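Enquirer: What follows is a single structure, and I will ask about it in a moment.
The values are calculated or read from the model by the stated rules, or taken from the named source; none is laboratory data. Just so it is clear, the structure is predicted and the values come from calculations on it, not from any experiment. Neighbour counts are summed over all protein chains in view; Cβ atoms, including those assigned to glycine, are modelled from backbone coordinates with ideal geometry.
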Amino acid sequence: MRRKSFAVIGAGRFGSSLAVTLSEMGHDVLVMDIDEKKIQGLADKVTHALQADSTNEHNIKTLGIANFDVVIVAIGVEMQASILTSLMLKELGAKYILAKARTEQHGKVLERIGVDRVVFPERDMGARLARQLTDTHVLDCIDLSPDYSVEELMAPDFMAGKSLQELNLRSRYGINLIAIRSGDRINISPLAGDVIEKNDLLIVVGKNKDLDRLLQ
C-alpha cells in the first residue's frame with residue numbers, strides 16, 4: 001500500500017474519526033480546525049494538528065495544499081464555511097477534494113464549484129443501517145467504503161436449487177460471491193457448477209446499490 005498524504009479540514013465526529021483511521025493505516029494526516037480543544041485531542045493521533053480558521057485564505061495557503069493526495073472538507077454545521085473552504089482549495093490547486101454535505105442543496109453547490117466527490121455520511125449510514133435492521137436476509141455487513149460492502153446473508157428463495165452459472169450474479173447484479181456456508185461446510189472457492197441450497201449462508205461483495213438490488 002502506497003503511503004498517501006491527507007488534509008482533513010474540520011475535526012468533528014466525522015472528520016476526527018476519518019483522520020485517526022487514516023493515520024492508523026499508516027498515512028500522513030494533517031488536521032485543521034478552529035477549535036483548539038479538538039486539535040489538542042488529536043495532536044498525538046495524527047501527523048500534524050493545526051488550530052486555524054479554514055475560511056482565512058492565508059491559513060489555507062500555508063498548508064501547501066497542492067502537495068496532498070486528498071483534501072477532505074469535513075466541516076459539518078457551517079455550510080458557508082464548507083463552501084468557502086472548498087472554493088479556496090479548488091483555486092489553490094488541490095488534487096482531489098472530498099467534501100461532506102448536510103443537505104442536497106449543500107451538495108449541489110459543492111459539486112458546482114468543482115468538488116470531486118460529495119458524501120452524505122449521516123444520510124447514507126442511516127439508510128444502510130435501516131436496511132440491515134429490517135432485511136431478514138442480511139446477517140452481517142462490513143462497509144469497505146461509502147459505496148462498497150461485504151455482506152453475509154441468507155440465500156434468497158429465488159437462488160435455491162440453482163447453480164452459480166445459472167444465477168450469473170456478477171453479470172446480473174455486479175456482485176461477487178466469495179464463499180458459501182452449508183451447515184458446517186464452508187466453500188471458499190465457489191465454482192460455476194456449485195448449487196445454492198435453501199438456508200445456505202452467502203458472503204458477497206459489491207456496490208451497496210447492487211447488493212440492495214439483489215435483495216429486492
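Enquirer: Which residues, counting only those in segment 5-29, are of a type in the set (Val, Ile, Thr) and touching a Phe, Trp or Tyr at 6+ places or on another chain (Cβ under 7 Å)? Write out each step before concluding.
Expert: Of segment 5-29, the ones of a type in the set (Val, Ile, Thr) are 8-9, 20-21, 29.
Residue satisfying the conditions is Val29 alone.
Enquirer: Hey, any hits in segment 92-100 for a residue that's modelled with pLDDT of 85 or more, farther than 30 Å from Pro190 by Cα, in a helix (DSSP H, G or I) and assigned by TED's automatic domain parsing to the domain that holds Thr21? Before the answer, list the steps.
Expert: Let us first name the residues in segment 92-100 that are modelled with pLDDT of 85 or more, namely 92-100.
Filter once more, keeping what is farther than 30 Å from Pro190 by Cα: 92-100.
Retained after the next criterion (residues that are in a helix (DSSP H, G or I)): none.
No, that holds for no residue.
Enquirer: Based on this model, can you work out whether Ser23 counts as free of Cβ contacts under 8 Å to residues at least 40 places away in the same chain, within 17 Å of the chain's Cα centre (by Cα), assigned to a helix (DSSP H, G or I) and more than 25 Å from Ile83 (Cβ to Cβ)?
Expert: Working: free of Cβ contacts under 8 Å to residues at least 40 places away in the same chain: yes; within 17 Å of the chain's Cα centre (by Cα): yes; assigned to a helix (DSSP H, G or I): yes; more than 25 Å from Ile83 (Cβ to Cβ): yes.
So Ser23 passes the test.
Enquirer: Considering Ile203, Ile188, which residue is at pLDDT below 90, of a type in the set (A, V, I, L, M, F, W, C), crowded, with 16+ Cβ neighbours inside 10 Å and out of contact with any Pro (no Cβ under 9 Å at 6 or more places or on another chain)? Working first, answer last.
Expert: Details: Ile188 fails: crowded, with 16+ Cβ neighbours inside 10 Å.
Just one listed residue meets the conditions, Ile203.
Enquirer: On to the next question. Could you tell me whether any residue of segment 31-40 is under 19 Å from the mean Cα position of the chain (by Cα) and surrounded by 14 or more Cβ atoms within 10 Å (Cβ to Cβ)?
Expert: Initial filter on segment 31-40 (under 19 Å from the mean Cα position of the chain (by Cα)): 31.
From what is left, the residues that are surrounded by 14 or more Cβ atoms within 10 Å (Cβ to Cβ) are 31.
The answer is yes, given that some residue of segment 31-40 is under 19 Å from the mean Cα position of the chain (by Cα) and surrounded by 14 or more Cβ atoms within 10 Å (Cβ to Cβ).
Enquirer: Assess whether Ile188 counts as being out of contact with any helix residue (DSSP H, G or I) (no Cβ under 8 Å at 6 or more places or on another chain), closer than 18 Å to Val150 by Cβ and not polar (S, T, N, Q).
Expert: Working: out of contact with any helix residue (DSSP H, G or I) (no Cβ under 8 Å at 6 or more places or on another chain): yes; closer than 18 Å to Val150 by Cβ: yes; not polar (S, T, N, Q): yes.
Yes, satisfied.
Enquirer: Regarding Asn168, is this residue surrounded by fewer than 14 Cβ atoms within 10 Å (Cβ to Cβ), assigned by TED's automatic domain parsing to the domain that holds Ser149 and not charged (D, E, K, R)? Walk me through how you get there before you give the answer.
Expert: On the way: surrounded by fewer than 14 Cβ atoms within 10 Å (Cβ to Cβ): yes; assigned by TED's automatic domain parsing to the domain that holds Ser149: yes; not charged (D, E, K, R): yes.
Criteria met by Asn168.
Enquirer: If you check Ser54 against the conditions, is it small (Gly, Ala, Ser), touching a residue at least 40 places away in the same chain (Cβ under 8 Å), in contact with a strand residue (DSSP E or B) (Cβ under 9 Å, 6 or more places away or on another chain) and surrounded by fewer than 18 Cβ atoms within 10 Å (Cβ to Cβ)?
Expert: No: the conditions fail for Ser54.
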